[in-house]
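The values are calculated or read from the model by the stated rules, or taken from the named source; none is laboratory data. Since the model is a prediction, treat every value here as computed from it, not as a measurement. No Cβ is skipped: glycine too gets one built from the backbone with ideal geometry, and neighbour counts run over all protein chains shown. Surface accessibility is based on the protein's heavy atoms, side chains included, excluding ligands, DNA and RNA. Shrake-Rupley method; radii C 1.70, N 1.55, O 1.52, S 1.80 Å.
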Amino acid sequence: MYFNLELILMINNYSKILFAVFFILSFQLETPLAAQQDGIDKSRQTAITHAIEKISASVVGINVTQLKQQQVNPFFNPFWEGFFPYTRTFKVDNMGSGVLVSPDGYIITNTHVVDNAMEIVVTLKGGKSYDAQLVGVDNLTDISLLKIDDDNLPFAELGDSDKLIVGEWAVALGNPLGLFDVNHQPTATAGIISGVEMDFGLKEAGHVYQDMVQTDAAINPGNSGGPLVNALGEVIGINTFIMTGSNYSYGSIGIGFAIPINRVKEVAEDLKKFGKVERSYTTGVHVQAIDPNMQHYLRLPTSDGVIITDVEKRSSGERAGLQIGDVILEVDDQKINAPKDIIRVIDEGLHKVGDIVKLTILRENKTMDIQLVLEEPK
């Protein structure tokens, strides 16, 4: 039989080519599904998801049993007035959030979360719970430090709140409405940094909220004490309070505030070392308000300010050169019209023992500045 060798070789080459084509096509048909899925999964990962993954293990839920006091109206039932006190004490349960800041169990939270606590239970991601000890509180800044007994714990990286950019991403994590107890992990909400250096002054509860960080990330009851983080997963603030727009509404309307982390770091360091921030100071200076009669009698050019009535011997006031009859017009460049104004300005400045405040005084119709040291009481 006659065979065309050239034809056979040609058919053989075509067969090889077809086999290669089929092999490539079959490979492309089988692998794109996995590759495509992998691409989709990667596209879902953002700076926000990475930040949450980085920080979430260090976020804790806090459950507290507190002692509260309530004023009792003795006129509600006069018959019982002599048998019951004017106040009654009772237990309440409170919840909040916190963030681990060291591998040996130190946790930062808000003072109002753990104030008057009888029992503090901290729950980590995954559900493990601990009885926590209260290391110290600073009521003025609303910052507290807790400690749990364990080691090698996940802890957060603290950022720099002085470098915040309005408009950058922000993520709030914590225990809103007790949801941490549902699945044993923090809830996350995302938004932006809406504002910085927001000053609210001294509030009724005795907390001073100065230089606060504003965010529109949803913050709700239970988020207090939890971290506000940036897109790098660094803690930039401690979530503290929200505005609701109404006394009858408690949910988030996108206006929340966090204590800047740089202030938190400073306070937490004092709490860790000393168990408190020493704010009980003395100056040895006694003052009173100026009324029209005093202004006329002393021939003062103004009724503004307060007048010094006594300067104790060997006090910081005496060392600063203050004298009886000096009129304090300003403290740290803020006008003073009553003795309580001095305390308010010093509190709002978050001053502590050893700090210096500037007094602008009037003496013999001349103004001058005096540097006054806040000294520790002896």
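Annotations for the structure displayed:
- Members of region 292-312 that are in a loop (DSSP other than H, G, I, E, B) and open to solvent by 70 Å² or more (accessible area, probe 1.4 Å): ARG299, PRO301, ASP304, GLU312
- Index of the failed condition, THR215 passing every other in (1) modelled with pLDDT of 95 or more; (2) over 14 Å from VAL235 (Cα atoms); (3) among the hydroxyl-bearing types (Ser, Thr, Tyr): (2)
- Test: residue in region 236-249 that is open to solvent by 40 Å² or more (accessible area, probe 1.4 Å) and either in contact with a helix residue (DSSP H, G or I) (Cβ under 8 Å, 6 or more places away or on another chain) or among the acidic types (Asp, Glu) (or both): no
- Verdict on ASP151 being among the charged types (D, E, K, R) and surrounded by 14 or more Cβ atoms within 10 Å (Cβ to Cβ): no
Here is a yes/no grid of residues against (1) under 15 Å from the mean Cα position of the chain (by Cα); (2) open to solvent by less than 10 Å² (accessible area, probe 1.4 Å); (3) modelled with pLDDT of 90 or more; (4) among the basic types (Lys, Arg):
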residue: VAL166; (1), (2), (3), (4): no, no, yes, no
residue: VAL171; (1), (2), (3), (4): yes, yes, yes, no
residue: GLN185; (1), (2), (3), (4): no, no, yes, no
residue: THR189; (1), (2), (3), (4): no, no, yes, no
residue: ILE192; (1), (2), (3), (4): no, no, yes, no
residue: ASP199; (1), (2), (3), (4): yes, no, yes, no
residue: VAL208; (1), (2), (3), (4): yes, yes, yes, no
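- No other residue among GLU330, GLU278 is outside any helix (DSSP H, G or I), crowded, with 17+ Cβ neighbours inside 10 Å, out of contact with any helix residue (DSSP H, G or I) (no Cβ under 7 Å at 6 or more places or on another chain) and among the acidic types (Asp, Glu) apart from GLU330.
- Per this entry, GLY325 is not counted among residues that are surrounded by fewer than 19 Cβ atoms within 10 Å (Cβ to Cβ) and either more than 15 Å from VAL285 (Cβ to Cβ) or modelled with pLDDT of 95 or more (or both).
- Condition check for LEU140: touching a strand residue (DSSP E or B) at 6+ places or on another chain (Cβ under 9 Å), surrounded by fewer than 22 Cβ atoms within 10 Å (Cβ to Cβ), in a loop (DSSP other than H, G, I, E, B) and hydrophobic (A, V, I, L, M, F, W, C): yes
- Residues of region 354-378 that turn out to be in a loop (DSSP other than H, G, I, E, B) and open to solvent by 40 Å² or more (accessible area, probe 1.4 Å), as a count: 7
- Complete set of residues in region 101-122 that are open to solvent by 10 Å² or more (accessible area, probe 1.4 Å) and either in contact with a Gly (Cβ under 6 Å, 6 or more places away or on another chain) or in contact (Cβ under 8 Å) with a residue 60 or more places away in the chain (or both): VAL101, TYR106, HIS112
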